[in-house]
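Heads up: the structure comes next, in structure tokens.
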Amino acid sequence: MSGVWVFKNGVIRLENPCDCHVVGSTGRRKVLVHVPSNEVITCYASLERKLYSLGWERYYDDPQLLQYHKRSTVHLISLPMNFSRFKSMHMYDIVVKNRNEFEVRDV
């Protein structure tokens, strides 16, 4: 049994978020959205295409992580290998390093 335990109004329940949604600290589901295309990022392949188009390159320093580096900056984006472990903190990291390109939205 996998999912996320949510405590709300004195009741605890198990939620099973799909791979494309992440539950944030407020208990609301979050999605990463590519603003120019209004596309919800549902997998790493989709995210990688967007990052490559913005000048990010795959960085192979740590086999436990997916990492991207942009040559013109000191920024490094580090993500868990499994997309199901992609959390809102990873989304906000991408947003901060790619202003006006991505947003984190409530579902």
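The values are calculated or read from the model by the stated rules, or taken from the named source; none is laboratory data. All figures in this text were calculated on a predicted structure; none of them were measured in a lab. Backbone-built Cβ (ideal geometry, glycine too); neighbour counts: all protein chains shown. What goes into the accessible areas is simple: the full protein's heavy atoms, side chains included, and nothing from ligands, DNA or RNA. Shrake-Rupley method; radii C 1.70, N 1.55, O 1.52, S 1.80 Å.
This table checks each residue for (1) among the β-branched types (Val, Ile, Thr); (2) assigned to a strand (DSSP E or B).
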site: 33; (1), (2): yes, yes
site: 37; (1), (2): no, no
site: 57; (1), (2): no, yes
site: 68; (1), (2): no, yes
site: 79; (1), (2): no, yes
site: 84; (1), (2): no, no
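Per-residue answers, yes or no, for (1) among the hydroxyl-bearing types (Ser, Thr, Tyr); (2) at pLDDT below 95:
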residue: 17; (1), (2): no, yes
residue: 24; (1), (2): no, yes
residue: 33; (1), (2): no, no
residue: 62; (1), (2): no, yes
residue: 68; (1), (2): yes, no
residue: 71; (1), (2): no, yes
Can you tell me which residue is farthest from the chain's Cα centre (by Cα) among those in segment 48-107 that are open to solvent by less than 50 Å² (accessible area, probe 1.4 Å) and among the small types (Gly, Ala, Ser)? 55
Members of segment 76-102 found to be without any contact (Cβ under 8 Å) to a residue 60 or more places away in the chain and in contact with a His (Cβ under 7 Å, 6 or more places away or on another chain), listed by number: 76, 79, 97
